[in-house]
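Right, one structure below, let's go through it.
The values are calculated or read from the model by the stated rules, or taken from the named source; none is laboratory data. Computed from a predicted model, the values in this text were never measured in an experiment. A quick note on method: Cβ atoms are made from the backbone with ideal geometry, for glycine too, and the neighbour counts reach across all protein chains shown.
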Amino acid sequence: MKYIAPYGSPDPDAAYVDRDVPGAVVGSKIPAKFPNWTMREIVDVITKSGITPDDVLQLAAAIRSQKMNYFVPGGTANALTITMAPVPVSYTELIGVPIRLKISTANTGAMTLNVNGLGNKAITGKAAAALASGDAAVGDIVAVMYDGTQFQVTGVVASGVAANYILAGRPAQAAPFFTANGVGGGASYVSNVRSTSTDLALTDSSFLDAGTSLTGGVLTIGPKDAGIWSLSTTLGLNTAQASWTSKVHLTKNGSTIFGFAQANIYGTSDTGIICASASVRLASGDTVRAEMLQNFGSTQTSSAQGRFSGSRIGV
C-alpha cells in the first residue's frame with residue numbers, strides 16, 4: 001500500500017501532526033485515500049483468506065491462516081496449475097514464497113507447476129531431482145517454494161499425518177519389506193543351469209514405491225525403496241534324490257552377491273534345504289533374483305517350501 005501524506009503536503013513522506021491550539025499549529029488533514037486505501041487493503045487480505053469481513057481481529061486471523069497460499073490445483077496429475085490473487089506479474093515475485101498444494105491425483109512421474117499462466121516450472125526434490133511416481137499421493141499437502149529456477153519441495157504432509165518427507169527425500173515411514181513363498185513348486189531347474197525360482201509369490205509386503213515389484217521371482221526396486229537391503233532365500237527341490245549337490249544364489253542385476261553350496265544331501269524330503277542371505281545396496285531399477293543350480297542330470301521342479309524375503313535396513 002502506498003503511503004498517503006497529509007492533504008496539501010508537498011512532501012510525499014510528511015508525517016501527520018495533531019492540532020496544537022496554544023502553538024497555533026493546524027492539525028493534518030486526512031485525504032479520502034487514507035481511510036479508503038487502508039480499509040480496502042485490510043479487507044482484501046481478509047476476503048482473500050476466505051473470511052467474511054464482519055468482526056474485529058480478522059486481519060490477524062487471515063494472516064495466521066495463510067490461506068492465500070493454499071490451493072487445490074487444477075491441470076493434470078503431473079502438470080499442476082493454480083491461480084493466485086493478487087496476480088503475480090512474473091515468477092520473480094514468487095521467489096521465496098511458500099505455496100501449499102493439496103493433491104487430488106497421484107503423480108506418475110516428473111511434475112510441473114504453472115502459476116497464473118506464467119509457464120510451467122519443474123517441481124523438484126532433493127538436489128533438484130525430478131519427483132518419482134507416487135511421490136505426491138492423493139490427499140498429500142505438498143509445500144513448495146520457488147528458488148528462481150524451479151519449485152523445490154520443502155515438505156509433504158501425507159493425508160494430514162505428520163510430515164514424512166524432507167525436500168522430497170525418503171519417507172520416514174515403516175521400512176519396506178516383502179515375503180514371497182513358493183506356490184505349489186512350479187519352477188523348473190534344468191540340470192547345471194542356474195535358474196530363477198519363478199514360483200515365488202508375494203504373501204506379505206509393504207513397498208513405499210509403486211514401481212517396486214516381485215514378478216516371476218524377480219524383485220525390482222523403485223526410487224523410494226532404494227537403500228540397503230537385507231535379503232534371504234531358502235530353496236529346495238520337489239523330488240527326493242539319493243544323493244546330490246546343489247547351490248543357491250542371490251543375484252543383483254545378473255551378478256552373484258552371495259552363493260551357498262550344499263553337498264551330498266540325502267533323504268526322502270529335501271524341501272527347504274539350502275539357504276542364502278546377503279546385505280546389499282539397491283538403487284532404483286536394480287533387480288534381485290533367487291536362483292538355484294542343481295546337478296541331477298535332469299530337469300527338476302522347485303519345492304513349495306521355497307522362500308524369498310527381505311527388508312530395507314538403511315538408506
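See the values below:
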| read-out | value |
| --- | --- |
| Restricting segment 55-78 to residues that are buried (at least 16 other Cβ atoms within 10 Å of the Cβ) and free of Cβ contacts under 8 Å to residues at least 24 places away in the same chain, the residue that is nearest to Gly117 (Cα to Cα) | Met68 |
| Test for Ala242: is it aliphatic (A, V, I, L, M) and either at pLDDT 85 or above or in contact with a strand residue (DSSP E or B) (Cβ under 6 Å, 6 or more places away or on another chain) (or both) | no |
| Residues located in segment 1-47, provided they are in a loop (DSSP other than H, G, I, E, B), β-branched (Val, Ile, Thr) and touching a residue at least 12 places away in the same chain (Cβ under 8 Å) | Ile4, Ile30 |
| Strands (runs of 3 or more DSSP E) contained entirely in segment 193-235, each with at least 2 residues that are assigned by TED's automatic domain parsing to the domain that holds Val183 and either of a type in the set (D, E, K, R) or over 16 Å from His249 (Cα atoms) (or both) | 200-205, 213-215, 227-235 |
| Where a residue in segment 293-315 is closer than 30 Å to Pro223 by Cα and its partner, wherever it lies, is among the small types (Gly, Ala, Ser) and not in a strand (DSSP E or B), with Cβ under 6 Å and at least six apart | Gly306/Ser197; Ser311/Ala175; Arg312/Ala175 |
| Positions within segment 181-192 being at pLDDT 85 or above and either assigned by TED's automatic domain parsing to the domain that holds Thr124 or not in a strand (DSSP E or B) (or both), in sequence order | Val190, Asn192 |
| Filter result (surrounded by fewer than 15 Cβ atoms within 10 Å (Cβ to Cβ) and either assigned by TED's automatic domain parsing to the domain that holds Leu101 or of a type in the set (Gly, Ala, Ser) (or both)) within segment 18-28 | Gly23, Ala24, Gly27 |
| Selection count, segment 109-129, where residues are buried (at least 17 other Cβ atoms within 10 Å of the Cβ) and part of a strand (DSSP E or B) | 8 |
| Qualifying residue in segment 256-267 (condition: at pLDDT 85 or above and out of contact with any helix residue (DSSP H, G or I) (no Cβ under 8 Å at 6 or more places or on another chain)) | yes |
| Check on Ile46, more than 17 Å from Val87 (Cα to Cα) and either surrounded by 11 or more Cβ atoms within 10 Å (Cβ to Cβ) or assigned by TED's automatic domain parsing to the domain that holds Pro86 (or both) | no |
